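Remarks on the structure that follows.
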Amino acid sequence: MHRPQHRSAQKLNVSMADIIYLGTPCTFDPFVVEFFLALQNGATLLISRHSIRDSPSKLLCALFPDNLAKPGISILQMTPSLFRGFGATCIRDRVLSRSSSLRVLLLGGEPFPSNAELVTWMDPSVLLQKHICNIYGITEISCWSHLHIVQSLQTPVPLGKPIDEDTIIRIQFQNNNDSAQGELYLGSATRRCYIPEIDDKVDSSEDDSGICFRATGDLVTREKDGTIFYGERSNDMVKRAGNRISLGMITRKIQKCLLSSELAACLWLEDLQKLICCIRSLEPKTRVQQRAQTFDILSKVSMAEQPDRFVYLQHFPCNVNGKLDKKELLKLCIPLAQPAQQILKSYLHDRLECVEKTDDTSAKRQKIEETAPCGYDLSFRQAGGTSFHAITICREIGLQMCIDDEQRHLFEMLLDENVPLRTVLRFLDTAKLVANNVKRKPVETAAVSSCHSGLVIKRIEQPVLKLQFYWKVNFEKCIDSPVSEYEGRYICVGAHSKILRTLDPQTGNELSIVRLPNRIECKVTFLSEKLAMVGCYDGCLYGFNPQTGDTVFSVEIGGMIKSQPLLTTDGRRIIVCSYAEDYNVYCLSAEQQEVLWCQKIGEKAIFAGALELPSEQSLIICTLDGSCSRVAITDGSVEWTHKFREPIFSTPVLLESKSNVFLAAEVAGRVHACHVGNGKVLATFSTEGNIFSSLVVKTPPTFMGHSFVVFGCIDQHVYCLRCKTGPGAKSVDFELHWKTNVGAPIYATPSLLTVQPNGILAWCGATDGRVVLMNFRNGEIQWSDKLPGEVFSSACYIESLRRVYVGCRDNFLYCLGI
């Protein structure tokens, strides 16, 4: 027997009392270790039939019998892939329980399981009575070379130390690589296997000392104390669209996004230049759960690292040696000879969530009402496609095309915003295609050049909008509050977790945190750089220092505060609207927070914020019983009241800064233009759904010289109305300028962003997590994507940074840069 196996037997205290499972095929070199480990120490070998070995449940019963009269095995050597087949529950309760007969578990042949996975397999106390070992080695130096016995479930597991003093390690770093990662070579003067194609060459791998070094093909990192950690396979590097990417690195990034019971494997299909991510999930996931998880993954990797396809499986196949069978896994993932049209449709559905609308009634209705295009009436870019997506599709479909010009034409059609997807699909139906994907030639995208910063589309003259994920911050519970900013220096928002954070808008670093007694849905109002205020569900208005998080004052209002407190233009008064039953409007002095007056408007609570009329020294206040009142700022007296039929959630707004017209929206879907002097309704526009969104006005100078009002609706549309006022503001006309379907109901208030040189854009978030940027001129969608949770929070935009900040019901605040 080799000395290394003898030394390992000593380290593991192998004796005649041990029962070793001989489960490795005789064609795989660990078979020799298992066989001679028992033979040399007089231990017992347990051998099983193939039918038992291939069935995890049967094998589990054979290795660890329920019948206490039958002894269980004490030493088990397996690959991690095979061992996972037992399932986390059985591993914890039967294989690695404290009462289990197993004494030594040897895992090797593949990357060692992560700490997160190990925790699901065993209690930390198990390490005190069992040896859980990471075994490493290669066939060329007779199998085992390194051994590490796990001491903790909280620290990364290294490759370990050489089993014998004859084993020498060498790490060969690339000259052009500044990182500490290099390829591992194992050498020995005594442990060597004869390899004709290498050893028969004159230029042998043996040095002057007689030590023969063999390349492992593994990239490793060495810490300062000499500890070596496995990185990835050296042949896992592939080139994709001009970028060198590491499949191992991408797999590790994705693995961090998964549950501890889930496993990821990234595969590269060279012919199609496609990156496929396989996720093993023991519990089936719904389509919504899969989408949420894949979006989270896409936000954590660069564009070049984003998989083309995600495939969810309940089991990963293993080869005869017990390792992950990547060839078999590819067969499970890739449909063969897929028609070109189906390739495009699948990509649109799986990655961009764009599907054809088959409802004839809705199609006719769309034509009658001239609504915004949807489904296959969208262009590829309007559906959310990018130049990178277009290259990916063209590479796969291009393999079926006989004429190179058709490949280039397909690429141009995908990037042309005036070409709907329906036209692209008709083109694919008429293009000359090769049957069975026999063509093996990448598409030549002449319009695309590669540079260090990514892909540049030369043919597009106008700037193409892209939003890049910068950071996200966990608030532990939903964020429904609108996001506030102060002079581009602070971002501030509260959440249902009772947490109120002030953040650095560039880095997302926490500047301060305030923990209130109850949830927060109110938007923060800044009084200065050192003082801000926010309402809380506990019925109090809180003043705090955003720089330190110190509470400066608190005022009992008597009911939940959801609307943003208003600081009057002169800076002397604070107006607070609430759900209080006695008085739902309070006026406080800004300096001492003393109550100046309080008033009861209508019969129900107030959700909408107050509108100040500075020149009139008045307020417009709307309530949930439909009351709309003008109230004097000085003493709270009611100057007039108009009663609408339905509640008002939307904050009223002036049509122009010095206008005599203000706008208010009933929840039933009616937008009213009203006279400031008496509340008289001058005009009404009706939508097909409820309105919870507030109204956003864009006043002249505009591209048509009119005022425009933008708002979201439950009917899944963003509306833009053109407003014309008559002489003396005695009449108002509403005209629908455009409305755009975003695919889900809208509760959040849209935002108007100025992005040079593109001009004005409209931002909107929807309840399915979709976030959209639209052209303010015509409502065309310029960019869209989805967050992992529902969006009820109204976004904030800092023009100098070109960044949007939005809260989500997945508990995170997101920062996206344009």
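Nothing in this text is a laboratory measurement; each read-out follows from the coordinates by a stated rule. Owing to the predicted nature of the structure, the values given are computational and were not obtained by experimental measurement. Ideal geometry is used to build each Cβ from the backbone, glycine not excepted, and the neighbour counts take in all protein chains shown.
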Inset, instruction - Quick one: what are the phi-derived ³J(HN,Hα) couplings along the range 749-754, Karplus 6.51/-1.76/1.60 with θ = phi - 60°, whole Hz, x for glycine and proline? - result: 7, x, 10, 9, 10, 9
Inset, instruction - Taking H placed 1.01 Å from N in the peptide plane, check which residues at least 5 places from V661 or on another chain put their amide H under 5 Å from its amide H. - result: L655, E656, V676
Legend entry - Semi-axis lengths (Å, descending) of the ellipsoid that matches the C-alpha gyration tensor of the range 473-601: 24, 17, 11
Legend entry - Check: the range 241-334 dipole with +1 on Lys, Arg Cβ and -1 on Asp, Glu Cβ, in debye: 120 debye
Inset, instruction - Given a cut-off of 24 Å, name the pairs among K253/K274; K285/K523; K161/K224; K300/K477; K604/K658 whose C-alpha atoms lie farther apart than that in the structure shown. - result: K285/K523; K604/K658
Legend entry - Diffusion coefficient, µm² s⁻¹, Stokes-Einstein with Kirkwood Rh over alpha-carbon pairs of the range 775-815 at 4 °C and 1.567 mPa s: 111 µm²/s
Legend entry - Rounded if a/c under 1.5, otherwise prolate or oblate - the range 548-694, Cα gyration tensor axes: prolate
Legend entry - HN-Hα J in Hz across the range 714-721 - Karplus 6.51, -1.76, 1.60, θ = phi - 60°, x for Gly and Pro: 5, 7, 6, 10, 9, 9, 10, 9
Inset, instruction - Decide, for the range 241-334, between rounded, prolate and oblate: order the square roots of the alpha carbon gyration tensor eigenvalues as a ≥ b ≥ c, take rounded if a/c falls under 1.5, and otherwise choose prolate if a/b is larger than b/c, else oblate. - result: oblate
Inset, instruction - Rounded to the nearest 500, what is the 222 nm mean residue ellipticity of the chain from helices alone, with -39500 (n - 2.57) per DSSP H run of 4+ residues and division by all residues? - result: -4500 deg cm²/dmol
Legend entry - Which labelled figure in (i) 31.2; (ii) 27.7; (iii) 26.9 is Kirkwood radius over Cα pairs in Å, once derived from the coordinates: (i)
Inset, instruction - Express as a percent, rounded to the nearest 5, the fraction of DSSP beta bridges in the range 3-230 (both residues included) that run antiparallel. - result: 65 percent
Inset, instruction - Let me see the pair-distance distribution of the range 3-230: every alpha carbon pair, 5 Å bin width, integer percents in order. - result: 1, 6, 13, 17, 18, 16, 12, 8, 5, 3, 1, 0, 0
Inset, instruction - Pull out a ≥ b ≥ c, the square roots of the eigenvalues of the alpha-carbon gyration tensor of the range 685-803, then state rounded if a/c is under 1.5, prolate if not and a/b is larger than b/c, and oblate in the remaining case. - result: oblate
Legend entry - Cleavage-rule hits (trypsin sites (Lys or Arg not before Pro)) in the range 589-663: DSSP loop, at most 12 neighbouring Cβ within 10 angstrom: R645, K658
